Amino acid sequence: MTTLTVNGKRVTANADPSTPLLWVLREDLGLTGTKFGCGMALCGACTVHLDGQAVRSCQTPLSAAAGKKVTTIEGVGATRTGKAVQAAWAQVDVPQCGYCQSGQIMSACALLEKNKAPQDADIEGAMSGNICRCGTYNQIRAAIHDAAGHLKGA
C-alpha cells in the first residue's frame with residue numbers, strides 16, 4: 001500500500017511499488033486525463049506534477065510518489081497558474097486532436113510556476129519534450145505568452 005496526495009486528496013494505492021504512476025492514476029484512481037503516449041518518457045503525453053515538478057508518469061514508479069503531492073490535468077485548474085493556462089489554451093484555440101494537450105498544459109504550468117515571464121527560448125526549452133503530432137507549437141507558444149501576461153496582470 002502506497003499513500004500519496006493526488007489533486008489535494010490523500011489516497012492509498014494498492015499496487016506494486018514499481019508500477020508506473022501513469023497506470024495507478026488511470027486504472028486505479030480513474031484519472032484518465034493523463035495520457036499514455038510512448039511509454040518511454042519521450043513524448044510528454046503522460047506529464048504530471050510531482051511536488052510541483054513536471055515528470056513523465058509512464059516512467060515514474062509509484063514508489064517515487066509515496067508521501068508526495070501529485071497534480072494531474074484534472075486538478076491543475078484549481079491553481080491560479082492552471083486556470084490561466086487552461087483559459088489561454090481555449091482563447092488561442094490550441095487543441096486540434098487534443099491527445100497531447102494534458103501533457104502540454106502540465107509542462108506549461110510547471111514552466112510558468114518557475115518563470116513568470118518566459119521568452120521564446122525558455123518556452124522551447126521547457127516544452128521540448130512534449131510532442132504534438134498536429135504541430136500546434138506556434139499556438140502553444142502563444143498561449144503560454146498569453147497565460148504569462150494574465151498572471152502578471154492579476
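The values are calculated or read from the model by the stated rules, or taken from the named source; none is laboratory data. Keep in mind that this is a model prediction, so the values were computed, not measured. Neighbour counts are summed over all protein chains in view; Cβ atoms, including those assigned to glycine, are modelled from backbone coordinates with ideal geometry.
In summary, helices (runs of 4 or more DSSP H) completely within the stretch 68-139 and bearing 2 or more residues that are touching a strand residue (DSSP E or B) at 6+ places or on another chain (Cβ under 7 Å) and either at pLDDT below 95 or not assigned by TED's automatic domain parsing to the domain that holds residue 34 (or both) occur at 101-114. Does residue 92 fit the bill of being over 25 Å from residue 146 (Cα atoms) and in contact (Cβ under 8 Å) with a residue 40 or more places away in the chain? The answer is no for residue 92.
So which of 103, 98 ends up being surrounded by fewer than 19 Cβ atoms within 10 Å (Cβ to Cβ) and under 14 Å from the mean Cα position of the chain (by Cα)?
Being surrounded by fewer than 19 Cβ atoms within 10 Å (Cβ to Cβ) and under 14 Å from the mean Cα position of the chain (by Cα) holds for just one of 103, 98, which is 98.
When you go through 67, 82, 75 one by one, which is the residue that is without any contact (Cβ under 8 Å) to a residue 60 or more places away in the chain and not β-branched (Val, Ile, Thr)?
82
Residue pairs whose Cβ atoms lie under 9 Å apart, separated by 6 or more positions or on different chains, with the first residue in the stretch 33-60 and outside the structural domain of residue 109 (by TED's automatic domain parsing) and the second surrounded by 17 or more Cβ atoms within 10 Å (Cβ to Cβ) and acidic (Asp, Glu), are 33/74; 34/74; 49/113; 52/113. Looking across the stretch 1-48, the residues that are part of a helix (DSSP H, G or I) and of a type in the set (Asp, Glu) come down to 27, 28. Figure legend. Inter-residue proximity from the stretch 118-131: first residues touching a residue at least 60 places away in the same chain (Cβ under 8 Å), second residues not in a helix (DSSP H, G or I), beta-carbon distance below 6 Å, spacing 6+ or different chains. Indicated pairs: 129/44; 130/44; 131/43.
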